[in-house]
Amino acid sequence: ISDAVGEVDSLVLPKLAGAPTAVPTAGEGSFLYDTTNDKLWLYTTAGWDDLSTVSSTNSMDNEYTAEVALAIRDVVYISSADNVSKADSDAGAASSRAIGFALSAASISDPVVIRSGGIVPGFTGLTAGAPYYVSATAGAITATAPSGAGVVRTQVGYAKSATAIAVQIQRLGV
């Protein structure tokens, strides 16, 4: 929106008391401000998103190539240029250098998106607030810090809930 001399003036969003539920018709805005709950809403093809809770706006995702077959939520490391493999705490220092979690399953040589920051949902049985580490089982995580000869401890994050991890990767050493 510009004023008479072509400078940006202001943008006025449609207001609504409460969360939106109706699908906008052609010509209506896709952004709404909820005056009751003090929230900004965005309409997408999937419905109304509360922009105060959309986790993807706080995520860091990058695409790599799977060097091995990966399952969704496998914790991975960079195994060669632009390639990832399953991280493992006792298979050598390089493989313990986790960079994030696979957001989908991938076959060898397939592209795969890796989340290195933000929230990774879909787990079961996590303990909220507990730290999680790269496991001695390739691609897996554990609530028990690995120990022993040749083991490198890498924390991958904290459980946000019983089903989601807030990614916060820290190499803790041997």
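The values are calculated or read from the model by the stated rules, or taken from the named source; none is laboratory data. Since the model is a prediction, treat every value here as computed from it, not as a measurement. Methodologically, a virtual Cβ is constructed for each residue, glycine included, from the backbone with ideal geometry; neighbour enumeration extends over all protein chains shown. Note: areas computed on protein heavy atoms with side chains; ligands, DNA, RNA excluded. Shrake-Rupley method; radii C 1.70, N 1.55, O 1.52, S 1.80 Å.
Kindly establish whether residue 157 is in contact with a strand residue (DSSP E or B) (Cβ under 9 Å, 6 or more places away or on another chain), surrounded by 12 or more Cβ atoms within 10 Å (Cβ to Cβ) and more than 21 Å from residue 68 (Cβ to Cβ).
yes
Residues of the stretch 10-28 being open to solvent by 100 Å² or more (accessible area, probe 1.4 Å) and either under 27 Å from residue 116 (Cα atoms) or at pLDDT below 75 (or both), which ones?
Listed by number, the residues that qualify are 11, 12, 26, 28.
Among 51, 40, which is more than 30 Å from residue 153 (Cα to Cα), modelled with pLDDT under 80 and hydrophobic (A, V, I, L, M, F, W, C)?
That would be 51, the only listed residue that is more than 30 Å from residue 153 (Cα to Cα), modelled with pLDDT under 80 and hydrophobic (A, V, I, L, M, F, W, C).
Please enumerate the residues belonging to the stretch 121-130 that are touching a strand residue (DSSP E or B) at 6+ places or on another chain (Cβ under 7 Å) and open to solvent by 40 Å² or more (accessible area, probe 1.4 Å).
Listed by number, the residues that qualify are 121, 127, 128, 129.
Scan the stretch 99-120 for residues that are closer than 15 Å to residue 158 by Cβ, touching a residue at least 60 places away in the same chain (Cβ under 8 Å) and open to solvent by 10 Å² or more (accessible area, probe 1.4 Å) and report the count.
Residues flagged as closer than 15 Å to residue 158 by Cβ, touching a residue at least 60 places away in the same chain (Cβ under 8 Å) and open to solvent by 10 Å² or more (accessible area, probe 1.4 Å) within the stretch 99-120 amount to 2.
With the stretch 98-140 as the region, which strands (runs of 3 or more DSSP E) entirely inside it contain at least 3 residues that are more than 14 Å from residue 161 (Cα to Cα)?
In the stretch 98-140, the matching strands (runs of 3 or more DSSP E) lie at 98-102, 111-121.
Can you tell me which condition residue 79 does not meet? The list is (1) surrounded by 14 or more Cβ atoms within 10 Å (Cβ to Cβ); (2) in contact (Cβ under 8 Å) with a residue 24 or more places away in the chain, and all the others hold.
For residue 79, the exception is condition (2).
As an exercise: evaluate residue 144 against (1) open to solvent by 20 Å² or more (accessible area, probe 1.4 Å); (2) at positive phi; (3) over 12 Å from the mean Cα position of the chain (by Cα) and give the number of the one condition it does not meet.
It fails just one condition, (2).
Surrounded by 15 or more Cβ atoms within 10 Å (Cβ to Cβ), within 14 Å of residue 77 (Cα to Cα) and over 18 Å from the mean Cα position of the chain (by Cα), is that true of residue 134?
no
Would a scan of the stretch 88-97 turn up a residue that is within 17 Å of residue 156 (Cα to Cα), open to solvent by less than 50 Å² (accessible area, probe 1.4 Å) and part of a strand (DSSP E or B)?
No, the stretch 88-97 has no match at all.
Exactly one condition in (1) at pLDDT below 80; (2) in contact with a Lys or Arg (Cβ under 9 Å, 6 or more places away or on another chain); (3) farther than 30 Å from residue 168 by Cβ is not met by residue 31; state its number.
All conditions are met except number (2).
Might you check whether a residue that is under 15 Å from residue 94 (Cα atoms), in a strand (DSSP E or B) and without any contact (Cβ under 8 Å) to a residue 40 or more places away in the chain occurs anywhere in the stretch 142-155?
Yes - at least one qualifying residue is present in the stretch 142-155.
Within the stretch 133-174, how many residues turn out to be touching a Lys or Arg at 6+ places or on another chain (Cβ under 6 Å) and polar (S, T, N, Q)?
Count: 1.
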